[in-house]
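For reference, the structure is listed below as structure tokens.
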Amino acid sequence: MARIEQLIAELERSFREMQERMSDPSVYNDHREAADVGRRLKELEAPYKLSQEWRQTVDDLAAAKSDPELSSMASDLETEAHRLEEALKLSLVKTDPADSKDVIIEVRQGVGGDEAALWAGSIFHMLVKYAERRGFKVEILSGSPSEGGGFKEVTFGIKGEGAFSVFKWEGGTHRVQRVPETESQGRIHTSTATVAVMPEAEEVEVHIDEKDLRIDVYRATGPGGQGVNTTDSAVRITHMPTGVAVAMQDERSQLQNRDKAMRVLRARLFEFERGKQQAALAAQRKAQVGTGERAEKIRTYNFPENRLTDHRIKLTVHRLDQILANGDLDEFTDAIAQEERRRALEEDVV
């Protein structure tokens with residue numbers, strides 16, 4: 001009991017402090033600080049509400065135990081107090097600072113040739129549908145369509161509060177098992193598509209020195225190598241210290257392609273730094289949910305059985321057709337996020 005009371009006392013103190021800061025004119029007039037305080041206050045609202053429910057339930061329990069006429073309610077109140085305590089602990093688990101950010105997602109064909117490109121296209125459409133269902137805005141940044149109708153690679157942005165917290169679980173290798181349309185013998189083929197999910201970084205978060213950039217311009221080309229236009233509008237930006245390179249050619253303006261390339265470059269460099277910072281921590285953590293690395297197989301999509309299995313949480317459902325068509329991924333997102341919070345809580349207790 002003492003542990004939870006201490007947590008609640010700290011929570012209430014933080015909540016009051018954020019409320020006071022939010023009404024401070026010096027904070028209100030500083031847009032960046034006001035946004036940070038507002039975001040923190042929003043994060044604390046749900047745990048604070050749970051803490052007040054817990055306090056009321058504990059008070060009711062004490063009253064029930066001391067009043068013979070109310071003693072029959074004690075068991076139910078004890079159960080409710082325990083439920084609220086566990087919910088409160090989970091709500092106080094530290095979140096990823098990048099969770100509230102917009103995201104940039106890169107989908108690429110993996111092994112499997114033309115079938116892998118078609119599968120990459122299916123994954124892309126599934127994620128776009130999921131974003132739309134969640135009320136996010138989708139922006140296509142670049143795409144390299146395959147001749148068969150899929151994508152060799154496609155990069156797109158998703159904007160909306162908490163976008164990274166939703167889509168970060170999609171990073172990794174998505175494996176499909178199905179009979180390709182071109183397969184005359186009816187044999188099942190296995191193909192893959194890889195997904196990289198990166199929080200979109202603000203300019204102030206990633207300092208890029210112009211002297212560290214090599215910028216090449218060239219004529220954009222379409223599928224098969226034919227020229228898209230007659231000007232050197234395509235842009236390739238290479239960050240020399242890290243070797244990270246981004247190419248954009250979808251816009252007709254060189255300036256627009258450069259702006260898009262810089263957005264993706266910032267996101268890649270931001271994720272690169274995040275990866276270095278988290279490497280030591282990740283080495284100490286149990287990989288129950290998975291690392292999200294592109295090389296890691298996170299899901300298998302089996303068409304003959306209409307089955308989708310997420311290997312990180314051992315969750316299998318048999319409605320693959322609905323998930324791909326409608327982007328109905330909430331069950332997986334919620335389950336993985338819940339497992340991650342439980343794991344973090346266990347480590348915090350240890």
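The values are calculated or read from the model by the stated rules, or taken from the named source; none is laboratory data. Note that the structure is predicted; figures quoted are calculated from it, not measured. Methodologically, a virtual Cβ is constructed for each residue, glycine included, from the backbone with ideal geometry; neighbour enumeration extends over all protein chains shown.
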* Residue check: is Arg16 surrounded by fewer than 11 Cβ atoms within 10 Å (Cβ to Cβ) and assigned to a helix (DSSP H, G or I)? -> no
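Residue-wise test of (1) at pLDDT 70 or above; (2) basic (Lys, Arg); (3) buried (at least 20 other Cβ atoms within 10 Å of the Cβ).
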position	(1), (2), (3)
Phe270	yes, no, yes
Glu273	yes, no, no
Gln284	no, no, no
Gly290	no, no, no
Arg294	no, yes, no
Ile298	yes, no, yes
Asn306	yes, no, no
Val317	yes, no, no
* **Qualifying residue in region 155-175 (condition: free of Cβ contacts under 8 Å to residues at least 24 places away in the same chain, assigned by TED's automatic domain parsing to the domain that holds Ala261 and farther than 15 Å from Leu329 by Cβ)** => no
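For every residue, the table says whether it meets (1) surrounded by fewer than 14 Cβ atoms within 10 Å (Cβ to Cβ); (2) within 30 Å of the chain's Cα centre (by Cα); (3) among the aromatic types (Phe, Trp, Tyr).
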{"site": "Asn29", "(1), (2), (3)": "yes, no, no"}
{"site": "Arg32", "(1), (2), (3)": "yes, yes, no"}
{"site": "Glu43", "(1), (2), (3)": "no, yes, no"}
{"site": "Ala46", "(1), (2), (3)": "yes, yes, no"}
{"site": "Lys49", "(1), (2), (3)": "yes, yes, no"}
{"site": "Trp54", "(1), (2), (3)": "no, no, yes"}
{"site": "Val58", "(1), (2), (3)": "no, no, no"}
{"site": "Ala62", "(1), (2), (3)": "yes, no, no"}
{"site": "Ser66", "(1), (2), (3)": "yes, no, no"}
* **Residue that is of a type in the set (Gly, Ala, Ser), in the same structural domain as Arg268 (by TED's automatic domain parsing), surrounded by fewer than 20 Cβ atoms within 10 Å (Cβ to Cβ) and not in a strand (DSSP E or B), where the choices are Gly121, Gly135** => Gly135
* Asked: Any idea which of Ala279, Ala247, Ala193 is at pLDDT below 90, under 30 Å from the mean Cα position of the chain (by Cα) and among the small types (Gly, Ala, Ser)?
  -> Ala279
